[in-house]
Amino acid sequence: MKICILGFGSVGQGVARVFSMKRDIIKQEYGLDLKLVAAADRSGAAIDPDGLDTDLLLNTKKDTGKISEYPKHGVKGISGMEVLDEVDYDCLIEVTPTNIEDAEPARSHILKAMKDGKNVVTSNKGPLALSFKELAHTAALNKVQFKYEASVGGAMPIINFAHETLSGCKIESIYGILNGTTNYILSRMAKEGSSYDQTLNEAQEMGIAETDPTQDVEGEDAACKVVILANSILNMDVTYDDVEVKGISQITPESITLAKKEGYLIKLIGEVSPDSLEVSPRLVKEGSPFAVEGTLNVATLKTDLADEVTVVGKGAGSVETASAILSDIISIWKMK
Amino acid sequence: MRLNLVLELLDVPGQLLDALNPIGRLGANIVAVIHQRDVKTERGTIPVQITIEGDKQTLNQVLKVLEDDGIQIMQVDGIVRKEKITTIMVGNIVDQDLKDTVNLLNKVEGVMVADLDLKISDNPEKSASRIMFEAELGRKKEAMAKIKEIGKQKGFLVINEV
């Protein structure tokens with residue numbers, strides 16, 4: 001399978017690393033030959049129809065910060081759209097940064113690939129949260145596969161899990177901790193009794209929270225995931241604006257202390273149900289499935305036949321997220 | 001037929017009598033009353049177990065009159081009639097007139113404020129209160145939405161249960 005990666009940040013590099021680690025085993029087990037024919041970042045691209053050397057690609061990015069410096073096959077200044085025109089590939093991996101204003105350039109990349117008859121795997125929440133219907137429709141129209149397991153919960157299986165493993169069940173609602181950064185902050189505040197600002201600083205120093213933490217702490221990232229789950233698992237037709245969003249920046253040590261006295265913890269919970277789409281701080285019982293610590297994500301799916309099923313996993317991380325992308329690629333291969 | 005009730009009474013004189021009076025008046029028999037004043041709930045109220053006897057219609061009438069009189073019936077024949085709801089509100093709780101907040105909350109149908117705990121912060125905007133409600137069975141979800149609305153009107157961050 002000839003693969004093209006657009007976006008070479010943490011997730012894109014994770015995919016390259018996973019290819020290096022797993023290429024031989026995947027060839028052996030599934031007869032799938034993963035050939036990375038193009039990878040692009042802001043600087044341009046590296047393109048080789050015979051397949052790029054993923055280790056060399058990672059080193060080039062590490063040493064120079066630019067993928068276009070890749071020996072012999074580097075192309076400076078070429079855009080993502082141009083790469084898609086230039087390169088002969090079977091599957092696009094769209095992992096450019098999430099943009100929740102207008103979903104670009106990811107939305108255009110994905111639509112173009114689909115219209116050209118290519119399968120698409122993405123972890124990008126922007127286009128999924130803003131244009132899900134358009135993308136799903138375009139994929140169906142062009143008879144291509146469209147997979148996005150990595151967009152919700154990183155390594156935590158949920159979308160394919162609901163579609164395939166729980167395929168006989170109707171999913172009635174989903175409640176979950178869908179953002180690792182806020183879970184880390186709230187867990188630390190509960191443990192140390194520290195203030196919100198102090199804990200956010202600590203998280204930023206550790207690289208868990210970003211310099212501009214707005215998307216995480218104000219619940220925007222979790223809200224995107226709520227939209228993706230609502231559309232893809234509960235078959236709703238909703239977009240980002242349909243979600244009621246409240247973040248964690250107003251949470252105080254006092255409120256956490258009061259909650260603890262009654263055996264509760266405060267967590268940022270995403271709720272996906274036909275009557276309510278919401279991201280807000282909620283009280284969860286200590287010892288309940290939601291009482292997970294650190295950057296872990298968790299989701300409980302309420303089903304008609306199996307009652308409640310809960311999944312837990314790492315919600316972020318380069319290789320962890322790439323694991324979900326790899327499983328999407330393998331499942332596309334199996335469906336051929 | 002017989003009915004086993006668990007009532008929750010305030011620890012003040014005359015409460016038990018007020019609860020028993022309508023039972024006899026309506027023609028039901030009191031078979032047993034277990035009343036231990038030194039056993040209290042976490043809210044400081046006293047649970048009282050009462051077994052009454054009578055025809056179905058009379059017993060239903062008794063339940064209705066007790067409820068109308070504001071007596072908390074916690075269980076009927078072992079079935080819990082009230083659910084607890086815990087909510088935390090963050091904001092300037094004292095400035096926003098605590099009494100008025102409680103009154104508004106008590107006006108929500110099927111809900112009573114049962115306990116309230118305050119933690120005042122150095123920055124009054126960041127004070128927190130934990131409010132425990134008793135809600136009629138099956139009304140929890142609806143009540144939580146209304147509680148949230150009242151908190152929002154007052155400018156509080158409302159943290160409800162999942």
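The values are calculated or read from the model by the stated rules, or taken from the named source; none is laboratory data. Here the structure is a predicted model, which means the values were calculated and not measured. Neighbour counts are summed over all protein chains in view; Cβ atoms, including those assigned to glycine, are modelled from backbone coordinates with ideal geometry.
Is there a residue in segment A:250-271 that is away from chain B (no Cβ under 14 Å) and among the β-branched types (V, I, T)?
Restricting attention to segment A:250-271, the residues satisfying the condition of being away from chain B (no Cβ under 14 Å) are none.
Within segment A:250-271 (the criterion being away from chain B (no Cβ under 14 Å) and among the β-branched types (V, I, T)), the answer is no, since none of the residues qualifies.
Please return the ranges of strands (runs of 3 or more DSSP E) entirely within segment A:1-100 where 2 or more residues are of a type in the set (D, E, K, R) and surrounded by 15 or more Cβ atoms within 10 Å (Cβ to Cβ). Quick ask: steps written out before the conclusion?
Numbers: elements: A:2-6, A:35-41, A:44-47, A:74-76, A:91-94.
Passing ranges, in order: A:35-41.
On the given criteria, is B:I79 among the aliphatic types (A, V, I, L, M) and more than 17 Å from the chain's Cα centre (by Cα)?
Details: among the aliphatic types (A, V, I, L, M): yes; more than 17 Å from the chain's Cα centre (by Cα): no.
No.
Out of the residues in segment B:1-12 that are assigned to a loop (DSSP other than H, G, I, E, B) and within 19 Å of the chain's Cα centre (by Cα), which is surrounded by the most Cβ atoms within 10 Å (Cβ to Cβ)? So that I can check it myself, show each step before the final result.
First pass over segment B:1-12, keeping only residues assigned to a loop (DSSP other than H, G, I, E, B): B:1, B:10-12.
Next cut, within 19 Å of the chain's Cα centre (by Cα) only: B:10-12.
Values: B:L10: 15, B:D11: 10, B:V12: 7.
Across segment B:1-12, the extreme among qualifying residues is B:L10.
Condition check: in the same structural domain as A:D216 (by TED's automatic domain parsing) and under 27 Å from A:F8 (Cβ atoms). Does A:T300 satisfy that? Talk me through it step by step, then tell me what you get.
Numbers: in the same structural domain as A:D216 (by TED's automatic domain parsing): yes; under 27 Å from A:F8 (Cβ atoms): no.
It is false that A:T300 is in the same structural domain as A:D216 (by TED's automatic domain parsing) and under 27 Å from A:F8 (Cβ atoms).
Mind counting the residues in segment B:17-49 that are among the charged types (D, E, K, R) and either in contact with a His (Cβ under 6 Å, 6 or more places away or on another chain) or assigned to a helix (DSSP H, G or I) (or both)? Let's see the steps before the verdict.
Filtering segment B:17-49 for residues among the charged types (D, E, K, R) gives B:18, B:25, B:37-38, B:40, B:42-43.
Add one more test, that the residue is either in contact with a His (Cβ under 6 Å, 6 or more places away or on another chain) or assigned to a helix (DSSP H, G or I) (or both), and what stays is B:18, B:25.
Count: 2.
Yes/no per residue for (1) touching an Asp or Glu at 6+ places or on another chain (Cβ under 8 Å); (2) farther than 30 Å from A:K27 by Cα; (3) outside any helix (DSSP H, G or I):
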position	(1), (2), (3)
A:E254	no, yes, no
A:E271	yes, yes, yes
A:F290	no, yes, yes
A:T300	yes, yes, yes
A:T310	no, yes, yes
A:T321	no, no, no
A:A324	yes, no, no
A:I329	no, no, no
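Would you be able to say whether some residue in segment B:87-97 is surrounded by 13 or more Cβ atoms within 10 Å (Cβ to Cβ) and under 26 Å from B:V12 (Cα atoms)?
Scanning segment B:87-97, I find no residue that is surrounded by 13 or more Cβ atoms within 10 Å (Cβ to Cβ) and under 26 Å from B:V12 (Cα atoms), so the answer is no.
Filtering segment A:272-298 down to residues that are of a type in the set (G, A, S) and closer than 20 Å to A:Q215 by Cα, which residue is farthest from the other protein chains (Cβ to nearest Cβ)? First the steps, then the outcome.
Going through segment A:272-298, the residues of a type in the set (G, A, S) turn out to be A:273, A:276, A:280, A:287-288, A:291, A:294.
Those left that are additionally closer than 20 Å to A:Q215 by Cα: A:280, A:294.
On the way: A:S280: 8, A:G294: 19 Å.
Residue satisfying both the conditions and the ranking: A:G294.
Determine, yes or no, whether A:A259 is in contact with a strand residue (DSSP E or B) (Cβ under 8 Å, 6 or more places away or on another chain), surrounded by 19 or more Cβ atoms within 10 Å (Cβ to Cβ) and outside any strand (DSSP E or B).
Numbers: in contact with a strand residue (DSSP E or B) (Cβ under 8 Å, 6 or more places away or on another chain): yes; surrounded by 19 or more Cβ atoms within 10 Å (Cβ to Cβ): yes; outside any strand (DSSP E or B): yes.
So A:A259 fits the description; yes.
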